[in-house]
Amino acid sequence: MLHFRTTLLITLLLLLTGACSSNTSSDDQSNFDRAAMLENYGNNIIVPAFESLQTSVDDLQVAAEDFETERTLENLETLQEALKSARLAWQDASPFQFGPSESVLLRASLNTYPVDTGKISDRVSSGEDSFGTIDSRDAAGLPALGYLLHGVGDTNEEILSMYTTDTDADNRLDYLLGNISFVKEKVDTATEDWQASGGDYIGMFLSEENAGTDVGSSLGMLINSYVKHYERFLRDGKIGIPAGVRSAGTPRPLAVEAYYGGYSVELASANLQQVERIFTGGDSRGLDDNLEALGAGDLSSEIQTQIDEAQSALDGLSDPLSQRIEENNDPVLTTFEEMQQVVTLLKADMTSILGITITYQDNDGD
Amino acid sequence: MLRTALSKLVLPVLAISLVISSCDIIGSDDDDSSIQPPDNYEFTRDGESTVAYPGQNDRLDMVEEMKAYIATAHEGEVISEQALNDMFENTNGDGGGNFSFTSDRDLKSKTFAPDLDNNLFTDIFADAEAASENGSNGIRAQDGVAGLLEREESGNDILVDEKGREFTQLVEKGLMGAVFYNQIFNVYLTDDRIGPDVENSETEEGANYTSKEHHFDEAYGYFNAPVDFESDWPESRNDELRFWSDYSNGSDEQLGFNDKVMEAFILGRTAIVNDNQEVLDEQVDILYEELELISAATAVHYINSTISQLNNGNTGEAFHALSEAWAFVNALKYSPNRKITNDQVNQILNTDFGENGNFWQVTPEGLNNAKATLVETYPDLESVQDQL
C-alpha cells in the first residue's frame, strides 16, 4: 500500500512537471482569453475581409461584362468605380498573407506594382492571355487593371476609344476580362479555403491545438503576417519606396500603388485603418487587450497613439500621391518616419511581451 | 473517484515504463568486454580514441571550397569549368591549385554512379562557366537566359542557369546528396562494410580501430556532427555544424532529429564494439529512415520559403529557396530504402518546380503539389508541414 502511494505520488509529480513545461508563459501570467480573441479575429475580421473582397471582385466582373456588352462612357465609369471598390476591399484582406492566401500567392497575383506597361501592351497586341507566371506578375492583377482602365488614354473618351475603335480594342478587352477572371479565381480559392463551408481553414485557425503562441500557432502566424505586412507592404511598399527611401533618396513616383487611378493615399489610408483595427480587435478583444492583460497597458496605448500619428500624417497627404512626391516629397518622408515608429513597437516590444517569435526574417545567410 | 480512475490509468503506464527503462540492463551481456552506450560519440580502446574520419572531413572541406569558388561569380567574376572539374577530381591533390589544402582524397570517385553516367555535375560546371560569362557582361537572368539575379532581401546577386537554378546550391547541396548521402546509404551502412562478415576483432594495421568500427565512423563523418550533438542545440555552437548535421538541427525543433540520429549512431557504434549485429541493424534502419526524413523535411521548409517569397514578389529569394528545395528533393533518390519513388522525385523536380524544371514557370499549384507529395510520403511531416 505504501509502495502504491509512493509510486502514485511520483507519477503525479511527473505528470505535473510535464504539464507545466507544455504550458506557455503568457498562459501562466494572465487570465486573458486568447481563444476568444482569435475567434474575434477569425470570425469578425479575417473571414469577412475575404468575403467582402470576393463580393467586390464579383461586382468588378459584372461591371466588366456590362462594359463588354455596351462599351459606353457610363459603363467605363462604373467599371472604374468597381475597380476602386475592389482595391479598397483588398486593403482589408491584405494583412492576412498566411494559410489560404499565401498558398495561392494572393498578394503577388493581385497587387504587384509598379506594372510594366510595355509588357501589358505587348501582351495585348499579341493576344497573350495566360496569367499566373512569374514573368506576367507585373502585367496582371489590380494595378494592371488600373493601367488598362485609367492609363491607356488621358481622358475617359480616349480610354473608351481604346476599347472601341483602336486596332487592339477587342484584344485589350479580352485581356482585361482574362485578368479579372484570374483575380477572381485567386480570391475565390482563398476565400473558400477560409470558410467553414469550404476548406475550413477557420476551423484550424480556431482549434485548441493552435491556440498557443509558438511558431506554428494561429496567433504566431497572424502576428508574423501582420507585422510583415505593415513593415514591408504598407510602410515600404505604399509610402517608403515611392518616396525613395529604398533608392538612395531618389523618388520613384511611378512606384505608387495606384499611379493611373490616382488614389494611392486613399488606399494606404484604408490599409492603415485596417492595421489599427487588427491591433484593437475592432469592437471586441484584440492585441491591445492582450497586452493590457499582460501588464503592458502603456505599450498598448503607445502603439495606438503612434498609429494615430501615422494616420494623421498620411491623411495630411492628398492624392494623387505621385504628384505630391514630385512637387514636395518632405511630407511624404515625414509620413514614412511616423509609420516607421510603429514598426519597433509592434515587431520588438509587442512580440516579446506576447511571446511571439518573428520568423519572417529567417535568412540562411548563404 | 478521481484518484481511483487515475491510479487505474497510471499503474499500467508506470509498469510499462519500468519495463522499458530496465531493457538496457536486461539486454546487455554480462560479458566483461561489453560496454554501455556512452553519452557522446566517443569510443576508446586501451585509453585511445578509436574514432577517425579525416577523409570525410577533407571531402566536406572540398565541397565548401567549391561552393566558395562558384560564389565568386556572384560578384561578376568569371569562373572556370576546368577549375571546377579539377576541384571535383582533386587534380594534383590540391584541386588543380584551387584548394587551400592538400589531400589524397577526391569527390568524383565517391559520387553516385548514375549521376556520373549522366554527367550531372560536369554539365553543371560547364553551364556555370557560361553563365558566369553572362554575369560578368552584366546580363541579367530571365526565363531562358542564365545570368545574375538579385536576392531582394540582401541586395546581393546570385548566378543562376537559364532555368533560374542557383549554381552554388546545385553543386553544394547536390554533392551533399550525391557524395555524402550516397556514401552513407550505399556504402558505409551496407552489409558490405558493417555486416556480420566484416572484420571486427582485429584492429587494422597501424590503426586503433577494426574495419567495421571505422566504416561506421566514416558514415558518421559524412553526417559530421560534434561528438556531443543533441536536440535543443545552443545557437552559440551552430558554427560547429556542417552540412547534414546543420540541416538536422534546422528541423530539430519540429522533429527532434538531433537526438534521434545521434542516439542511433551511438547505439549502433556501441553495438559494433559489443559485436551485436542485431542491435546494429536496428540502429542502421533508424539511420536510413531519419536521414531520409531530414532531407524531406528540409525540402518542405524550402518549398514553404519559396511560396512565401513568391508571394512577397521576391523572385531572387524564391529561386534561391527553390534551388535548395531542388537539391534536397534530389537527395531523396540516394537511399536504397527510400520511401519516395524516382518517378515522384522526377515529377517534383521536372514538373512541380516548373515545366521541364524551369523555375520561371513555377506555379503555386505545382509547389503545393510537391509539398503534398512529400507530406503523403513522409507522414511524420504532416503535423509540422506549415512550421518547417
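The values are calculated or read from the model by the stated rules, or taken from the named source; none is laboratory data. All values reported here derive from a predicted model rather than from experimental measurement. Positions of Cβ are generated from backbone atoms using ideal geometry, with glycine treated the same way; all protein chains shown enter the neighbour counts.
See the values below:
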item	result
Selected residue (criterion: farthest from B:Phe112 (Cα to Cα)) from residues of region B:339-368 that are surrounded by 20 or more Cβ atoms within 10 Å (Cβ to Cβ) and either touching a His at 6+ places or on another chain (Cβ under 6 Å) or in contact (Cβ under 8 Å) with a residue 40 or more places away in the chain (or both)	B:Pro364
Subset of region A:85-99 [outside any loop (DSSP other than H, G, I, E, B) and either of a type in the set (A, V, I, L, M) or farther than 12 Å from A:Gln54 by Cα (or both)]	A:Ala86, A:Leu88, A:Ala89, A:Gln91, A:Ala93
Residue tally, condition within 30 Å of A:Gly220 (Cα to Cα), touching a residue at least 40 places away in the same chain (Cβ under 8 Å) and out of contact with any helix residue (DSSP H, G or I) (no Cβ under 6 Å at 6 or more places or on another chain), over region A:319-352	3
Those helices (runs of 4 or more DSSP H) lying entirely in region B:275-362 with at least 3 residues β-branched (Val, Ile, Thr) and within 14 Å of chain A (Cβ to nearest Cβ)	B:277-311
Selected residue [surrounded by fewer than 18 Cβ atoms within 10 Å (Cβ to Cβ), of a type outside the set (Lys, Arg) and under 23 Å from B:Ala327 (Cα atoms)] from B:Ala73, B:Ala83, B:Ala52, B:Ala68	B:Ala68
Test: residue in region A:80-103 that is over 25 Å from A:Arg277 (Cβ atoms) and in contact with a helix residue (DSSP H, G or I) (Cβ under 8 Å, 6 or more places away or on another chain)	yes
Flag for A:Arg172 being basic (Lys, Arg) and under 30 Å from A:Asn224 (Cα atoms)	no
Meets criteria (crowded, with 23+ Cβ neighbours inside 10 Å and in a helix (DSSP H, G or I)) for A:Glu102	yes
Evaluation of A:Gly153 against (1) more than 17 Å from A:Glu77 (Cα to Cα); (2) of a type in the set (Gly, Ala, Ser); (3) part of a loop (DSSP other than H, G, I, E, B) (one fails), failing number	(1)
Considering residues of region A:104-136 that are within 21 Å of A:Thr191 (Cβ to Cβ) and without any contact (Cβ under 8 Å) to a residue 60 or more places away in the chain only, the residue farthest from the other protein chains (Cβ to nearest Cβ)	A:Phe131
Which listed residue, of A:Ser56, A:Ser26, is modelled with pLDDT under 95, under 32 Å from the mean Cα position of the chain (by Cα) and crowded, with 18+ Cβ neighbours inside 10 Å	A:Ser26
Elements of type helices (runs of 4 or more DSSP H) contained in region A:160-260, each with 3 or more residues being within 22 Å of A:Phe279 (Cα to Cα)	A:201-205, A:218-228
Residues within region B:369-388 that are free of Cβ contacts under 8 Å to residues at least 60 places away in the same chain and within 14 Å of chain A (Cβ to nearest Cβ), tallied	4
A:Ile325 crowded, with 18+ Cβ neighbours inside 10 Å, more than 25 Å from A:Asp92 (Cβ to Cβ) and not assigned by TED's automatic domain parsing to the domain that holds A:Leu149	yes
Qualifying residues in region B:50-84 (those that are small (Gly, Ala, Ser) and part of a helix (DSSP H, G or I)) - the one nearest to B:Ala126 (Cα to Cα)	B:Ala83
Region B:154-177, subset crowded, with 16+ Cβ neighbours inside 10 Å and assigned to a loop (DSSP other than H, G, I, E, B), residue farthest from the other protein chains (Cβ to nearest Cβ)	B:Asp161
Selection count where residues are crowded, with 19+ Cβ neighbours inside 10 Å and within 13 Å of chain B (Cβ to nearest Cβ), scope region A:233-256	5
Test: residue in region A:83-94 that is surrounded by fewer than 21 Cβ atoms within 10 Å (Cβ to Cβ), more than 10 Å from chain B (Cβ to nearest Cβ) and over 28 Å from A:Asp166 (Cα atoms)	yes
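Per-residue answers, yes or no, for (1) more than 16 Å from the chain's Cα centre (by Cα); (2) at pLDDT 95 or above; (3) more than 25 Å from B:Asn40 (Cα to Cα):
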| residue | (1), (2), (3) |
| --- | --- |
| B:Arg165 | yes, yes, yes |
| B:Thr168 | no, yes, yes |
| B:Val187 | no, yes, no |
| B:Glu213 | yes, yes, no |
| B:Gly221 | no, yes, no |
| B:Asp228 | yes, yes, no |
| B:Leu241 | no, yes, no |
| B:Trp244 | no, yes, no |
